[in-house]
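The values are calculated or read from the model by the stated rules, or taken from the named source; none is laboratory data. Just so we're clear, the structure is a prediction, and the values are computed from it rather than from any experiment. We place every Cβ from the backbone using ideal geometry, glycine too, and count neighbours over all the protein chains shown.
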Amino acid sequence: MRRAPDAEWVLMYRLGLSRKRIAELVRAEPAAVGYHLVIARRQDPGLEAEHRAAAGAVPVAHPSPADLARMDEVITWVLAEGRLPEDRAGDRDERAMARWLSERRREAAQGTLDPA
């Protein structure tokens, strides 16, 4: 059970993410996120203005559903295998995960990786 308002959700909202996007990222119901945000807005009257200002800033390309699925796949694979996927592996799926992970590392190094 989360104590309302959830600080992480409020921070995401403050940074311009929508209620729906926050719910997708944290795998929660949008109504639950909305409940937390209502409480947060009552406690901090300036929150809505900060959200609107941040939302109007340069949009960040959010990870696609395919990227989120691949991320879950890589995490599951690493937990099962106890190591990261290798790009020279014999298994085609492992090589694909390694390439995807390599792309995310490149984006992180360039500062273009979505923080979500």
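Points to keep in mind about this one:
- Subset of region 1-33 that is among the small types (Gly, Ala, Ser) and not in a loop (DSSP other than H, G, I, E, B) - its residue that is nearest to Met71 (Cα to Cα): Ala23
- If the condition is being surrounded by fewer than 14 Cβ atoms within 10 Å (Cβ to Cβ) and either of a type outside the set (D, E, K, R) or modelled with pLDDT of 90 or more (or both), then region 1-38 contributes Met1, Ala7, Glu8, Leu11, Lys20, Arg27, Glu29, Ala31, Val38.
- Consider region 70-84 and keep the residues that are at negative phi and not aliphatic (A, V, I, L, M). The one that is surrounded by the fewest Cβ atoms within 10 Å (Cβ to Cβ) is Arg83.
- Matching residues, region 67-100, being in contact with an Asp or Glu (Cβ under 9 Å, 6 or more places away or on another chain) and part of a helix (DSSP H, G or I): Asp67, Leu68, Glu73, Trp77, Glu81, Asp93, Glu94, Arg95, Met97, Ala98, Arg99, Trp100
- Subset of region 35-57 (residues that are touching a residue at least 40 places away in the same chain (Cβ under 8 Å) and part of a helix (DSSP H, G or I)): Ala54
- Residue within region 90-104 that is within 21 Å of Leu25 (Cα to Cα), of a type in the set (Lys, Arg) and surrounded by 15 or more Cβ atoms within 10 Å (Cβ to Cβ) present: yes
- Here Glu48 clears all of (1) within 30 Å of Arg3 (Cβ to Cβ); (2) modelled with pLDDT of 90 or more except the condition numbered (2).
- Criterion applied to Leu79, Leu113, Leu84 was being under 28 Å from Trp9 (Cβ atoms) and at pLDDT 90 or above, and the one residue passing it is Leu79.
- For the residues Ser64, Ser18, the requirement of being among the hydroxyl-bearing types (Ser, Thr, Tyr) and under 22 Å from Glu107 (Cα atoms) singles out Ser64.
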